[in-house]
Each structure stands twice: as structure tokens, then as C-alpha cells.
Amino acid sequence: GQSLEQPSEVTAVEGAIVQINCTYQTSGFYGLSWYQQHDGGAPTFLSYNALDGLEETGRFSSFLSRSDSYGYLLLQELQMKDSASYFCAVNSGGGFKTIFGAGTRLFVKA
Amino acid sequence: EAGVTQFPSHSVIEKGQTVTLRCDPISGHDNLYWYRRVMGKEIKFLLHFVKESKQDESGMPNNRFLAERTGGTYSTLKVQPAELEDSGVYFCASSQATGRSRSSDTQYFGPGTRLTVL
């Protein structure tokens, strides 16, 4: 079967750094994406890794190790507005079918 | 530029009734996807259109669900008859096709339709 595993909840304080891990088992792999979703809102795209290594976009970075079927999202200088759910997702099935994890709920405390 | 829109935002129906959800993708986006999230669980892929054609409908739960995309523009997802387990948030997303080699196509999500079946 196809599955993605990520922690259900993470709590951190403002200004800190947090890492959200994701391991996956899928048939077919084209890349790992990360999405952010605030309560009641639409998932919004954060980053995408097709190749091994680190991709940096401002305060957010994403890492992929294809050999380990593992990736993570790194959030630096946490702000209260970063409190949201974060989903890892694998592009498979010809590159357009996306399989999502169950999401990690991030709570940022003052 | 307008984003992906979905209608209605909420729908409350009784078991056995029919509901039709609508999605208007970003203009010019050939790819349209439907997803469903049951509370606390993953965002589950339902199906994928390329223009008016169903590219992949492997995630559709059963034949009570029917999706269409008339003329390759907006899409509808009909549930008939609705069951209790169909409750959840239905998301639509679209992406601009630039060729199958571009697997990094960003998907833009709509705000979702929250469906409650009583």
C-alpha cells in the first residue's frame, strides 16, 4: 500500500526552530511536497523536493533523502502565525497524483 | 488573478439525499483534482482530470460518486445517495500542465466544501 507517516502534533515556542519529519512508502515517486493549512483554510503549497538535499525558501527549508524514503520540513524563527497543519505529500503515478500524509498540527506558543 | 473557487462552502444534508459540489479552477489550468479530508485524517486523493478527461479516478470511493468536467472548465462532484461516512471536507485543486515531465507542478487548492451528512 501507499502511506506517509508524520507526527500528529508538535509544539514549539516563538523564535525557535522546529523540524517536521515525514517518511513515505509509495509505488512511484517523483517528489515530496509540503503544504500548510490554517484552520478553515485551503492547503497552500510551501515547497517541493525532487532530488536529494535541502531546498531553502526564506524561513522554511525542506529536505529529501530518496534512499531513506524520508524528508523533513524545517521552520526557523517561528512566529505565532505559523500555527497550522503541515502536510507532506508524494507526487506519484506519473507525477500528477498526489498522496498526502495525515498532517502535523503545529502549535506555536509565546 | 482569481484562485480556485468552490461552491457551496458548507452543505448539510440527510442520508440518502443528493449533493453536488462545484469547483472552478484557475483559468487556463488543464489539471483539476478532487480530494477529501475526513476530520483528523489525511487529505485523500479522489480523482484527476486533464481538461475534460478523467486521467486517474482510482481514489473514488464507490459508484455513488460521480465527477464531471464539462468542456474542460469547471467540475462537479455529485454524491448520490449520500451516506454518513461521506462527511468531510472536499477540496478541489488545479495546476497548469506544462508537460508530463514537469512533475513539480504546483497545485492550488480551493477553500473546500464542508459536507455533513446526518
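The values are calculated or read from the model by the stated rules, or taken from the named source; none is laboratory data. Nothing here was measured: the structure is a model prediction, and the numbers come from that model. With ideal geometry, Cβ positions are generated from the backbone for all residues, glycine too; neighbour counts draw on all protein chains shown. The area values use the complete protein model at the heavy-atom level, side chains included, leaving out ligands, DNA and RNA. Shrake-Rupley method; radii C 1.70, N 1.55, O 1.52, S 1.80 Å.
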Q. Taking the Cβ-Cβ separation of A:Arg59 and B:Gln96 as r and a Förster radius of 30 Å, what is the calculated FRET efficiency to the nearest 0.05?
A. 0.65
Q) What's the FRET efficiency of A:Gln25 with A:Ala110 using the Cβ-Cβ distance as r and R₀ = 41 Å, to the nearest 0.05? A) 0.65
Q. When N counts the residues of the protein assembly as shown, how does its alpha-carbon radius of gyration compare numerically with 2.2 N^0.38 Å, as a ratio?
A. 1.01
Q. Which of the aspartates and glutamates could a cross-linker bridge to A:Lys97, judged by Cα under 15 Å and excluding same-chain residues fewer than eight apart?
A. B:Asp30, B:Glu42, B:Asp56, B:Glu57, B:Asp105
Q.
Place a point 7 Å from Cα of B:Asn62 in the direction of its Cβ. Which residues in the stretch B:79-95 have their backbone N less than 16 Å from it?
A. B:79-88
Q: Can you tell me the order of B:35-43, A:15-23 when each peptide is scored by its average per-residue count of other Cβ atoms within 10 angstrom, highest first?
A: B:35-43, A:15-23
Q: Note down the relative contact order for chain A as a percent, whole number, built from C-alpha pairs under 8 angstrom at least six residues apart.
A: 37 percent
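I'd like the interface area for chains A and B: accessible area of each alone minus the complex, both sides summed, 1.4 Å probe, protein heavy atoms only. What is it in Å² to the nearest 100?
1800 Å²
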Q) What are the aspartates and glutamates whose alpha-carbon lies under 14 Å from the alpha-carbon of A:Lys81, with same-chain residues fewer than 8 places away excluded? A) A:Glu14, A:Asp39
Q: Please work out the FRET efficiency for the pair B:Glu85 and B:Ser27, using the Cβ-Cβ distance as r and a Förster radius of 41 Å; give the result to the nearest 0.05.
A: 0.75
Q.
Need one value for B:35-41: mean number of C-beta atoms belonging to other chains within 10 Å of its residues' C-beta atoms.
A. 3
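Mean separation of Cα pairs under 8 Å and 6+ residues apart, divided by the residue count of chain B: what relative contact order is that in percent?
36 percent
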Q | Probe 1.4 Å, protein heavy atoms only - accessible area per residue of chain A in square angstrom | A | 44 Å²
Q. When the Cα centres of the stretch A:1-40 and the stretch B:1-47 are compared, how far apart do they sit, in Å?
A. 22 Å
**Q.** Overall Cα dimensions of chain A, principal axis frame, Å, largest first
**A.** 42, 29, 19
Q: Take the Cα coordinates of the stretch B:9-118, assign each an equal point scatterer, and use the Debye formula without solvent to give log10 I(q)/I(0) at q = 0.12, 0.13, 0.22 Å⁻¹.
A: -0.39, -0.45, -1.22
